1. Most exposed first by the Cβ proxy, i.e. fewest other Cβ within 10 Å, how do His374, His413 rank?
2. With labels modelled as points extended 7 Å from the Cα through the Cβ direction, what inter-label distance (nm, one decimal) is found for Ile13 paired with Asp49?
3. Please arrange Cys54, Cys353 by counting, for each residue, the other beta carbons lying within 10 Å of its beta carbon, fewest first.
4. Can you tell me how much longer the chain between Gln317 and Thr262 gets when fully stretched, taken as 0.36 nm per residue apart minus their C-alpha distance, in nm with one decimal?
5. When the chain is fully extended, how far beyond the present Cα-Cα distance does Arg362 get from Ile39, taking 0.36 nm per residue of separation?
6. For the pair Met1 and Asp205, how long in nm is the line joining their label points, each one 7 Å along Cα→Cβ?
7. Could you work out how much longer the chain between Gln379 and Arg236 gets when fully extended? Use 0.36 nm per residue separation minus the Cα distance between them, nm to one decimal.
8. Can you tell me the mean projection area, over all orientations, of the convex hull of the range 141-271's alpha carbons? Units nm², please.
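Laboratory data are not the source of any read-out in this text; all were calculated from the coordinates shown. Bear in mind that the values here come from a model prediction, so they are computed numbers and not experimental data. Cβ coordinates were reconstructed from backbone atoms using ideal geometry, including for glycine residues, and neighbour counts include every protein chain displayed.
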Amino acid sequence: MLTGRNPFWRDSIPATVNAILSSALLGIEKTPALLQPTIYHALAKRPQDRYQSCAEILPELEFARDQINSSTEVGNLLGLTQSVDSKTLKEYAARATGLDDAQLVRKRRLIVVGSVVAVALLVVIFVATLFRDRLKFAAGPKHIAVLPFDNIGRDPANDAVAAGLMETMAGKLSNLGVNNQSLWVVPASEMRRRNINDPPTAFRDLGATLAVKGSIERQGNDVRLTTNLIDARNLRQIGSVEVESHSGDLSALQDETVAQLTRLMDVVDRENTKVSALEAGKPAAYEEYLKAVGYMQRYDKPGSLDSAIESLERATQKDASFALAYAQLGEAYRLKYQLDKNPKWLDDALSSCRKAAEIDSRVTSVYVTLGRIHELSGQHDLAVQEFQRALDFNPHDANALGGIAHAYENAGHIEQAEAAFKKAVALRPDYWDTYDDLGLF
């Protein structure tokens, strides 16, 4: 009512919800200074920090009204400045307020100081509450669901990039859990399969205690990534990360986002995640890679795989040492073989994977794809070897765990298969799908 606009309104419902949870008030600087502490109090993020009844807010509104009315009378009188000297103006001001000049200055100082103190107290309460909640949050298990990224501005050219960000962010965060038994990340494929787009559904259906919700905003080479970490149980904002690049370097933005999310989650990053800097290609190549990952989320849709392969080929042309692009190209060819059974695609898949491994032998996804290729060829023991190599780098890799369990089963190694399925359950005791696989086995 005071500003003529909703302070949190954005161009979509998810963006509006995120603003309510995490953004500062917009337009408050246009309201009377006397009312600003009251506004902050009324719109505190936590309900218990707000006014609990109209009886609490009424005295503050009445005081502000009286002061503003007095100031307005003085202001109206000050409109006579062209014809009244300063001495007369002071007399008018004193008559309007019942205060002399010195009293007016003192009262103004008291109002300003009172406003500053009120805002400062709110900040102290907020920080203390956040610190307390962080301590409580740090002690519990962290089951993370990465939700789809919003494409701010809705430029169709960014749709595939936004989709790719979800997949790659989940992969980068899953690397954090290698030496941390209390942390696991829901596979992006499971999020897509169940069409989960919000924190409450992620908590209800998958037991995710944390949700990562992000957005990408782009104008030319200027890119901004905004990522919110949300307690999925009570929809409380844990923290927000906003990073920008004027050169369009999405890889660097992602790495900085993951580093800040790691600090918000109080998770110690393992040393091997530093290889992400080696895996990332040049900015232009990495953007093509993200597009391809986005296209491949709907590989069953006509034309999607072809678009992905074209983007990956452009990525390798722009950066011939981009191991991740070659690894993803191998997976794209493998999926193409699944669709039309043309053996050429398996040959292309093997060639791309071997090229990726030559460039960087630490890219885990290479060995997962190789394992899947061997499974398709009926070479189950070779598949076991490749999946095991992936697990040597990342024991929590969901694709490698499921792959090696099925490879053991198909090779007739029943005891090893059972142990692998049980390991998957032990690593993710709150994830229903691992129990389903074990039950089917």
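1. Details: His374 21, His413 16.
With the sparsest Cβ surroundings first, the list reads His413, His374.
2. In this crude spin-label approximation the distance works out to 2.7 nm.
3. Values: Cys54 8, Cys353 26.
Sorted ascending by nearby Cβ count, the order is Cys54, Cys353.
4. Values: separation 55, 0.36 × 55 = 19.80 nm, distance 3.31 nm.
In short, 16.5 nm is gained.
5. Values: separation 323, 0.36 × 323 = 116.28 nm, distance 5.33 nm.
In short, 110.9 nm is gained.
6. My value for the distance between the label points is 4.1 nm.
7. On the way: separation 143, 0.36 × 143 = 51.48 nm, distance 4.86 nm.
My answer for the length gained is 46.6 nm.
8. Numbers: hull surface 30.3 nm².
Average projection, Cα convex hull of the range 141-271: 7.6 nm².
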